[in-house]
Amino acid sequence: MDDDVLTTLKILIIGESGVGKSSLLLRFTDDTFDPEIAATIGVDFKVKTLTVDGNKAKLAIWDTAGQERFRTLTPSYYRGAQGVILVYDVSSRNSFNRLEQWLSELETFSTKQDIVKMLVGNKIDKDKKEVDRNEGLKFARKHQMLFIEASAKTREGVQCAFEELVEKIIQTPGLWESDSQPKGVSLTDTGSAAVNSCAGYCSLV
Amino acid sequence: MEELLSDGEKNAKTVTCQRCGSVVLKPNNATLVKKEKFLPSMRKKTEGTDAGGDTLQDFWLVTDMYTFENVGFTNTVENIKFLICADCEIGPIGWHDLSDKQAFYVALERVEHK
C-alpha cells in the first residue's frame, strides 16, 4: 500500500430494496450498457480511493446487494464499519418509513459506537415526490446524521456525500486508526470503541 | 511488453479501465506474472449464444487489496471473486481466489496502460 494513505475505512450502504443503493456507487450510469458480470453474479464490495482535505483514504464500500430483501443482514456485514450511508427514495414514502428499523438494526450490530451516519434522500431527479426535503433533514437531525439529497442519475451530491462522510470519520477520534486495519478481504473489527460522542448534521444541497 | 515494465517486473504505467478511465493501479504497485487463466468475456451475451471468454496469460499481481486505487469485487463463484471496474463495473478485468488471500490478478489485456 502507498505510504501516503492515511487510513482504510469500512463504509456500508443500507436501505430498502429499489432505493438506488447500488447506483450510488457508479461514477456514471449508462442505460445502454449493462455490465454482464456485475448483473449476473452481483457486486460484493468495492475499494475506492478518496482524498479529503489532502488526506488520502482507501474505502472498502459494502452494498447489501439485494440481501436486504431476505432480512436481516448478517452481523458480520456491520462489524467494524466506521461509516454508514442510509438511503431512502424521495418518491417512496415506504422507504422513508423504514428508516427507523434500519437504524435500530445498525445499533444492534455495529461494533463502533461513534459510527458516522449519513442519510441520503435519493432520486431527486424524479418528478414524483412523497418525502419532503425538510422531513429528511428533520430525521437526520433527530438521529445525528449528516444529510444530503442526491440523484445517482445526475451524479448530483453523490461525490459530496462520500467526501463529507469520510471527513467526519477522520475528524472523529478513536474511530479510525492509521495502521491497525487487518489486510485481506475479511474486514474484522479492530476492537476499539470510542466513547467520545459528537453530534451534528449538515446539509449539502 | 517492455515499455509496460519498470525494474524488470513492476508496472511502469498507471493501470486504468478501458471503458471509463477509472484508475485501477498506480505505477510500481503490481508485479508481472505469467499464469494461464480462463476469464469469461467482458462483452454482454446476446440471446441464446454463449459469449465464452479467453484464456489469458499475462497478469499484474497485487498482494493487498488496498493497493488498488479503485476496484470492484463480485460475489463468490466457485471460490473465486472476479475483479471489475469500480466505477463502470465492466469486467472481469481479473480475479481473486479466496484460497490465496494475498493474490489479486489483473489481466494486462483487459486494462489500459497510461
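Hey, what do the phi angles of segment B:32-37 turn into as Karplus ³J(HN,Hα) couplings, whole Hz, using 6.51/-1.76/1.60 and θ = phi - 60°, x for Gly and Pro?
Computed from phi, the couplings for segment B:32-37 are 6, 10, 9, 7, 8, 8 Hz.
Once label points are set 7 Å from the Cα along Cα→Cβ at both B:K35 and B:L98, what is their separation, rounded to one decimal in nm?
Label-label distance for B:K35 and B:L98, simple model: 1.7 nm.
Let's test the formula: R0 of 45 Å, r as the Cβ-Cβ distance of B:Q18 and A:E100. What FRET efficiency results, to the nearest 0.05?
0.55
Rounded to the nearest whole Å³, what is the per residue volume of the convex hull around the Cα atoms of segment A:7-171?
Considering the Cα atoms of segment A:7-171, their hull volume per residue is 117 Å³.
Enter the accessible area per residue of chain B (Å², integer; probe 1.4 Å; all protein chains in place).
46 Å²
Kindly report, to the nearest 10 Å², the accessible surface of A:R141 as traced by a 1.4 Å probe over protein heavy atoms only.
The value for A:R141 is about 120 Å².
Within 12 Å, Cβ to Cβ, of A:K168, how many net charges do the neighbouring residues add up to if Lys/Arg are +1 and Asp/Glu are -1?
-4
Could you rank A:W102, A:W176, A:W62 by how accessible they are, 1.4 Å probe, largest area first?
Sorted descending by solvent-accessible area, the residues read A:W176, A:W62, A:W102.
Give the average, rounded to an integer, of partner chain Cβ atoms located within 10 angstrom of each Cβ in B:73-84.
4
Hey, in the GNM for chain B with a 10 angstrom Cα cutoff, which one of B:F38, B:F59, B:F82 fluctuates hardest?
Among B:F38, B:F59, B:F82, the largest mean-square fluctuation in the Gaussian network model of chain B belongs to B:F38.
Please state the charge dipole magnitude for segment A:7-171, taken about the Cα centre, from unit charges on C-beta atoms (+1 on K and R, -1 on D and E), reported in debye and rounded to the nearest 20.
Roughly 340 debye for segment A:7-171.
Counting protein heavy atoms only and a 1.4 angstrom probe, how many square angstrom of accessible surface do chains A and B bury in total, to the nearest 100?
In total, this chain pair buries about 3000 Å².
Of B:D54, B:D87, which has the most accessible area and how do the rest follow, probe 1.4 Å?
Listed by decreasing accessible area, they come as B:D54, B:D87.
How much net charge surrounds B:D7 when only the other residues with a Cβ under 15 Å from the Cβ of B:D7 are counted, with Lys and Arg +1 and Asp and Glu -1?
Residues near B:D7 contribute 0 overall.
Within segment A:95-128, find all residues whose amide N lies under 15 Å from a label point positioned 7 Å from the Cα of A:R79 along Cα-to-beta-carbon.
A:109-112
Ranking request for peptides B:91-103, A:44-56: highest mean number of other beta-carbon atoms within 10 Å first, then the rest in descending order.
Top of the packing list down: B:91-103, A:44-56.
Hey, what's segment A:7-171 come to in accessible area per residue, 1.4 Å probe, Å²?
40 Å²
Expressed in nm to one decimal, what extension gain is obtained for the pair B:V77 and B:H113 from 0.36 nm per residue of sequence separation less their Cα-Cα distance?
10.1 nm is the gain from fully extending B:V77 to B:H113.
What are the residues whose amide H is under 5 Å from the amide H of A:L9, where those residues sit 5 or more places off or on another chain and H is modelled from the backbone?
Amide H neighbours of A:L9: A:K58, A:L59, A:A60.
Evaluate the relative contact order of segment A:7-171 (contact order divided by residue number), counting alpha-carbon pairs under 8 angstrom at least 6 apart; express in whole percent.
27 percent
So how do A:M118, B:M1, B:M42 rank on accessible area, 1.4 Å probe, biggest first, that is with the largest at the start?
The residues order as B:M1, B:M42, A:M118, largest area first.
At a Cα cut-off below 29 Å, give the lysines reachable from A:K128, other chains included and same-chain residues fewer than 8 away excluded.
Within the straight-line cut-off, A:K128 pairs with A:K21, A:K117, A:K138, A:K142, A:K153.
DSSP loop (so not H, G, I, E, B), at most 11 other Cβ within 10 Å: list which trypsin sites (Lys or Arg not before Pro) in segment A:106-136 pass both filters.
Those satisfying the criteria are A:K128.
Report the one residue of A:Y77, A:F109, A:L59 whose Cα lies farthest in the direction of the positive end of the charge dipole of segment A:7-171 (charges on C-beta: Lys and Arg +1, Asp and Glu -1; origin at the Cα centre).
A:F109
What is the average number of partner chain Cβ atoms found within 10 Å of a Cβ in A:47-60?
3
Compute, for chain B, the length of the dipole vector about the Cα centre, with Cβ point charges of +1 (Lys, Arg) and -1 (Asp, Glu) only. Units Debye, rounded to 20.
The calculated dipole for chain B is roughly 180 debye.
Between B:T55 and A:K126, what is the spin-label point distance in nm, taking each point 7 Å from the Cα along the Cα→C-beta axis?
Between B:T55 and A:K126, the simple spin-label model gives 4.9 nm.
The values are calculated or read from the model by the stated rules, or taken from the named source; none is laboratory data. The model shown is predicted, which means the values in this text are computed figures rather than measured ones. Glycine gets a Cβ as well: all are built from the backbone with ideal geometry, and neighbour counts include every protein chain shown. Calculation scope for accessible area: heavy atoms of the full protein, side chains included, ligands and nucleic acids excluded. Shrake-Rupley method; radii C 1.70, N 1.55, O 1.52, S 1.80 Å.
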